[in-house]
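*Asks:* Dropping the structure in here first, questions after.
Taken together, the values in this text are just the output of simple stated rules run on the coordinates, not laboratory data. Just so it is clear, the model here is predicted, and its values are computed rather than measured. When we count neighbours, we look across all protein chains shown, and the Cβ atoms used for this are built from the backbone with ideal geometry, even at glycine.
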Amino acid sequence: MDLPKIKQLAYDLMGSTKSHEWKEIGNKYYHGLRVAILALKLRSYVLPEDDSHDDILTVAAWFHDISNGKENHAVEGAIKAREILAEYCSEYELNEICKIISVHDDRYSDRAMFSDYTKLHQDADHLDHFGTYDVWMEIVYALHHNDTIPEVIEWFQNTSRKYDKQFHAELNYDISKIIYQEKREFLHSFGDRFSVEATGGIWLEDQLLKTYKA
Ligand SMILES: [Fe+2]
Ligand SMILES: [Fe+2]
């Protein structure tokens, strides 16, 4: 596969559009690039000897959310990707790429149904939504929806914690769960600090006072 050409195609299709009105321009293009890098990184830990599908994982990541924003975007996206990529990939590559795209958000079916490559993609896709990206999304969402500071604090303190266990359980590999756990700890710590500073407080005030000499 001619990766530079296919990447340019992804940019032409997604680089200046957005999947939802309130999100930033190019959101699915840049998400795709990050997921591709993450998927290969996870692959190097989970299947260190097997780089046979790295290009397939990369292209699947670039295009997996091509239909995001539509109902059943995974299945629709696989159909669209097959059309778009037809002249750039072999039949085998197309089948593998579209197989990944068509179930990339299926976190409920029996995982024995999925190949390691699909599961690696699923984890990379999921992980990209956490950590600093959580913070970015919440701020972008809040600004577009005219949310107030107390509402954002509420999101950090309660809503953001609601699905911790579920998201953890949805990941396929131990390495993904470890990365997720660290990202969650960062988010909660950021949220705790935001909740203090956004209400006029001083973060770690007691510790700071110990070093203060009047
Ligand atoms: Fe998706
Ligand atoms: Fe995605």
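*Asks:* Rounded, prolate or oblate: which fits the range 1-116, taking a ≥ b ≥ c as square roots of the Cα gyration tensor eigenvalues, rounded meaning a/c under 1.5, else prolate when a/b beats b/c?
*Replies:* Rounded shape, in that the Cα axes give a/c under 1.5.
*Asks:* Amide H neighbours of residue 19 under 5 Å, at least 5 residues apart or on other chains, H built in the peptide plane: list them.
*Replies:* Amide H to amide H, under 5 Å and 5 or more residues apart or across chains, residue 19 pairs with 27, 28.
*Asks:* Return the loop-located chymotrypsin sites (Phe, Trp or Tyr not before Pro) in the range 94-146 (DSSP other than H, G, I, E, B) with at most 10 other Cβ atoms within 10 Å of their own Cβ; answer none if there are none.
*Replies:* In loop regions of the range 94-146 (DSSP not H, G, I, E or B), the sparsely surrounded chymotrypsin sites (Phe, Trp or Tyr not before Pro) are 108.
*Asks:* May I pose another question? Work out how much length residue 192 to residue 173 would gain on full extension: take 0.36 nm times their residue separation and subtract the Cα-Cα distance, in nm to one decimal.
*Replies:* Residue separation times 0.36 nm, minus the Cα-Cα distance, leaves 4.0 nm.
*Asks:* Decide, for the range 1-54, between rounded, prolate and oblate: order the square roots of the alpha carbon gyration tensor eigenvalues as a ≥ b ≥ c, take rounded if a/c falls under 1.5, and otherwise choose prolate if a/b is larger than b/c, else oblate.
*Replies:* Here the range 1-54 falls in the oblate category.
*Asks:* Relative to the longest principal Cα axis of the chain, at what angle does helix 3-14 sit, 0 to 90 degrees, rounded to 10?
*Replies:* 60
*Asks:* Determine ³J(HN,Hα), in whole Hz, for all residues of the range 81-91 in sequence, where each value follows from phi through the Karplus function 6.51 cos²θ - 1.76 cosθ + 1.60 and θ = phi - 60°; x replaces Gly and Pro.
*Replies:* Each residue of the range 81-91 in turn: 4, 4, 5, 5, 8, 3, 8, 10, 9, 6, 4 Hz.
*Asks:* If I stretch the segment between residue 153 and residue 71 completely, what's the gain in nm (0.36 nm per residue apart, minus their alpha carbon distance), one decimal?
*Replies:* Between residue 153 and residue 71, full extension yields 26.5 nm more.
*Asks:* Here's a follow-up. Of the listed pairs 183/213; 7/119; 5/183; 70/177; 165/210; 28/162, which have alpha-carbon separations greater than 27 Å here?
*Replies:* Check vs 27 Å cut-off fails for 183/213; 5/183; 70/177; 165/210.
*Asks:* Please report, largest first and rounded to whole Å, the three semi-axes of the ellipsoid equivalent to the chain, where each semi-axis is the square root of five times an eigenvalue of the C-alpha gyration tensor.
*Replies:* 36, 20, 15
*Asks:* Further question: Got a sec? How would 14, 1 order by Cβ neighbour count within 10 Å, fewest to most?
*Replies:* 1, 14
*Asks:* Per DSSP H run of n ≥ 4, the term is -39500 (n - 2.57); total these for the chain, divide by its residue number, and report the mean residue ellipticity at 222 nm rounded to 500 deg cm²/dmol.
*Replies:* Roughly -20000 deg cm²/dmol at 222 nm, from the helical runs in the chain.
*Asks:* Could you calculate the FRET efficiency of residue 213 with residue 182 from 1/(1 + (r/R0)^6), where r is the beta carbon distance between them and R0 is 35 Å, rounded to 0.05?
*Replies:* With a Förster radius of 35 Å, E is 0.45.
*Asks:* Skipping prolines and chain starts, which residues have an amide H placed within reach, meaning under 5 Å, of the one on residue 67, given they are 5 or more residues away or on another chain?
*Replies:* The list, which skips near neighbours in sequence, is 77.
*Asks:* Shifting gears a bit: Counting only Cα, what are the radius of gyration and maximum Cα-Cα distance Dmax of the range 132-205, in Å?
*Replies:* Every Cα atom of the range 132-205 included, Rg and Dmax give 13.6, 41 Å.
*Asks:* In whole Hz, with x marking every Gly and Pro, tabulate ³J(HN,Hα) for the range 181-192 from phi via Karplus 6.51 cos²θ - 1.76 cosθ + 1.60, θ = phi - 60°.
*Replies:* For the range 181-192, the Karplus curve yields 4, 5, 5, 5, 4, 4, 4, 5, 5, 4, x, 4 Hz.
*Asks:* Considering the options 108, 178, 200, tell which one lies farthest towards the positive end of the dipole of the range 102-214, charges being +1 on Lys and Arg and -1 on Asp and Glu at the Cβ, about the Cα centre.
*Replies:* 200
*Asks:* Per-residue HN-Hα couplings for the range 45-54, Karplus 6.51 cos²θ - 1.76 cosθ + 1.60 at θ = phi - 60°, whole Hz, x for Gly and Pro?
*Replies:* Once rounded to whole Hz, the list reads 8, 7, 10, x, 8, 10, 9, 5, 10, 4.
*Asks:* Next question. Taking 0.36 nm per intervening residue step and subtracting the Cα-Cα distance, what contour gain separates residue 86 from residue 51 on full extension?
*Replies:* Separation in residues times 0.36 nm, less the Cα-Cα distance, equals 10.3 nm.
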